[in-house]
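The values are calculated or read from the model by the stated rules, or taken from the named source; none is laboratory data. Fair warning: this is a prediction, and the values are worked out from it, not measured in the lab. Here the Cβ is made from the backbone with ideal geometry for all residues, glycine too, and neighbour counts use every protein chain on show.
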Amino acid sequence: MRNKLLKTSAGKEWIKNLPLDEEKDIHLAAMIDGKVVGTLLLSKKSQTTAQIKQVAISDSYQGFGLGKKLLKFAEKIAELLDFQSVYLTGRKQAWGFYDHFGYQSIGYAYSDGQVILKKFEKKLYTNKGIGKFGIIKYITLREMETNG
């Protein structure tokens, strides 16, 4: 799905093997009827900063709030892991989406292949000292049970 939605539309070569630099990232997936329809990666960049990347929602499932749920869930995980901020690089068509959820534009727009991109950042409210796996597991289950 990442290849189709992110690489093809940018005019880039498809990923054939799992990138080694992603093996420690937190991979989130939105699934409907056992099929992956959305993805997001959360990556540690420093002790205080995480990066959200590879956000993709299948064309047929856009507009149903899946991107919002993945983004908000990634932010919760980042807060629990005591990150103070998250940043991402967004495509032009998603800039309004990130603005709506409190992300601030940092820097200027630039092009990479066939896409126009801009960096965004959001400050988080950390819960110092509770970033333990058990709590993340609880939040994961709770999130699924309450549907949001």
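Kindly provide the set of residues from the stretch 33-76 that are among the aliphatic types (A, V, I, L, M), closer than 14 Å to Ala94 by Cβ and part of a strand (DSSP E or B), ordered by number.
Those that are among the aliphatic types (A, V, I, L, M), closer than 14 Å to Ala94 by Cβ and part of a strand (DSSP E or B): Leu40, Ile52, Val55, Ala56, Ile57.
Restricted to the stretch 46-66, and to residues that are in contact with a strand residue (DSSP E or B) (Cβ under 8 Å, 6 or more places away or on another chain) and touching a residue at least 40 places away in the same chain (Cβ under 8 Å), which residue is farthest from Glu79 (Cα to Cα)?
Step by step, filter the stretch 46-66, then rank; the result is Ser58.
Can you pull out every residue in the stretch 77-129 that is of a type in the set (A, V, I, L, M) and in a loop (DSSP other than H, G, I, E, B)?
Of everything in the stretch 77-129, those that are of a type in the set (A, V, I, L, M) and in a loop (DSSP other than H, G, I, E, B) turn out to be Leu81, Leu124.
Output the number of the condition that Ala29 fails; it satisfies all remaining conditions of (1) at pLDDT 95 or above; (2) among the hydrophobic types (A, V, I, L, M, F, W, C); (3) assigned to a strand (DSSP E or B).
(1)
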